[in-house]
Amino acid sequence: MKAAHILSLAVVCCISTRAFAAEKLSVSELLDRLTASQDKLRSLVAKTEETIVSTESTSPTTYITRRISEVKVDGNKSYQYWYRWRNLSAKDAPIPIEEAHCFFKLWDGNCYIEYYKPMKAPDIRSAYVTSDKKRIQDNVRFGYSFPPFLGIRYSDYERIDSVLRQAESISVRDKLVEVDSVACNVIDAKAKSGDYTVWLDPEHGYNVAKVNIQLGPNNLYNGKRLDSNESDSLSVQNIRSDRIDGVWIPMEADLYSARKRQDGFIMQSAIHHKVTQIILDPDHEALGSFVPKIENGTKVKNLDSGESYTWREGMKFVVDEWDGRIRYVPEDWSILAGVGKPLPEFKSIGLKIANEDMKNKAILFCFFDVNQRPSRNCLLQLSKKAKELTAKDVAVVAIQTSKVDEDKLNDWVKENGISFTVGMIHADEEKTRFTWGVRSLPWLILTDKKHIVTAEGFSVAELDNKLGGNSH
């Protein structure tokens, strides 16, 4: 059963009765328990609130920011949508939704989309999309921005248990140390991203009870080494956990950070973070968790190709597995043909061929356009190999991909002695080509005798080689 946990200001968190004495565990045992607690939070939907108070060494002004966000993750995909109000007069200043800056970051497992709608110019909506792995890693290492006490460090978006496991040196203190009246195990570690001191809470699932991280020269921050006069620190304190569906979840905490740059500039921030609602292991598909909410008229740029689009309702992005290209297509379009996949249905394709003619035979499809010379040459080459292919139990099917006069097509087929079946796409030509994964013409697709695709997008000259592994 899925359960939503909603916070209320009237709720008082009671200190649990000490039921046991904390165990003294080794580093590996503690890391295993920390990992187990983190893994329970791999799939969730959460709503959060943050108040950020910042100061800069070059200004006497105190900057106050509020942020309300919704985060959806499933261990691979992630989606964070948030509203932000900047330069507030006080922590409790009004935050009308119409005055918020709106953002989202979405990683759907194939492509990354970032969206922005500014407060002062809501009609100037912009977004970009990319499937470039390097660019994605630079923008969102772990897939989403989430508080460090759930295991994510702002500087590298890597889970803290992973950081500790890769530490250059690590140890556990002999004595337990109390944090909020709980005796905690304490780990000290030196990692590439800084010096870590981590207090683990045995009474709340070995989650982090407190953490201090100090970065100095040569430590990595956002993948770059700090210079000789740079430093960064992060402290997470006052962590409050609730037990939801049998899982201890950190729900509220205070974060303190300070960053010193090479030029002496210092920025300090105090952040109060609170989870206001959380659902563990939700049905993401039913919720449509990883479908982007892009408003009509938004200007979208494809960073990979340089193409630009004006977003329309009912569209989506699809990453083509063949070449990694991002395609902007209607929601009901999908590439169904591909190596390792069964053949799509023959909808919108007119073919006069009996099931018996293809039973227990491999099939070679040739998508072509009789008006194009390369397509005609491909069919003529296949015609010369027709008897050889029949002997190998390979049925050849040619499919005309655009509307032409059928009588003229049939005349050309007869005049050139094309002996195999020739059909034609009768409706939804563009959608049908997309469904079958036809990227250019002519386009060959080969299946095995079970009609599972074994190769696609190859030339006639490569056919014999492709058939060599096609005898199953």
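Laboratory data are not the source of any read-out in this text; all were calculated from the coordinates shown. Predicted model only: the values in this text are computed from it and were never measured. Positions of Cβ are backbone-derived with ideal geometry, glycine not excepted, and every protein chain shown enters the neighbour counts.
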**Asked** Sorted by average packing, counted as other Cβ atoms within 10 angstrom per residue and highest first, what order do 285-296, 89-100 take?
**Response** 285-296, 89-100
**Prompt:** What are the aspartates and glutamates whose alpha-carbon lies under 18 Å from the alpha-carbon of Lys450, with same-chain residues fewer than 8 places away excluded?
**Reply:** Glu345, Glu356, Asp357, Asp393
**Request:** Determine the calculated [θ] at 222 nm for the chain from helices alone, applying -39500 (n - 2.57) to every DSSP H run no shorter than 4 residues and normalising by the residue count; nearest 500 deg cm²/dmol.
**Result:** -4000 deg cm²/dmol
**Prompt:** Near the amide H of Ala395, under 5 Å away, which other amide H atoms are found, from residues 5 or more places off or on another chain, if H is placed in the peptide plane?
**Reply:** Ala362, Ile363, Leu364
**Request:** In debye, nearest 20, what is the charge dipole magnitude of region 349-467 about its Cα centre with +1 on Lys and Arg Cβ and -1 on Asp and Glu Cβ, if you could check?
**Result:** 280
**Message:** Can you tell me which lysines have their Cα less than 24 Å from the Cα of Lys192? Leave out same-chain residues fewer than eight positions away.
**Reply:** Lys133, Lys134, Lys210, Lys224, Lys260
**Request:** Considering the options Ala337, Phe420, Ala189, tell which one lies farthest towards the positive end of the dipole of the chain, charges being +1 on Lys and Arg and -1 on Asp and Glu at the Cβ, about the Cα centre.
**Result:** Phe420
**Cα point-scatterer Debye curve for region 349-467, base-10 log of I(q)/I(0) at q = 0.12 Å⁻¹** = -0.39
**Asked** Which whole-Hz couplings ³J(HN,Hα) result when phi for each residue of region 261-277 is put into the Karplus expression 6.51 cos²θ - 1.76 cosθ + 1.60, θ = phi - 60°, listed in order with x for Gly and Pro?
**Response** 8, 4, 7, x, 5, 10, 10, 10, 9, 10, 10, 9, 10, 9, 8, 9, 7
**Item:** Computed over the chain, the ratio Rg/Rh where both radii use C-alpha atoms and Rh is Kirkwood
**Value:** 1.11
**Fill in**
Scalar couplings 3J(HN,Hα) for region 315-332 by Karplus 6.51 cos²θ - 1.76 cosθ + 1.60 (θ = phi - 60°), nearest whole Hz, x for Gly and Pro, are 10, 7, 9, 10, 8, 6, 5, 5, 10, x, 6, 7, 10, 9, 9, x, 4, 8
**Fill in**
Computed for the chain: size of charge dipole around the Cα centre, +1 on C-beta of each Lys and Arg, -1 on C-beta of each Asp and Glu, debye to nearest 20, value 520
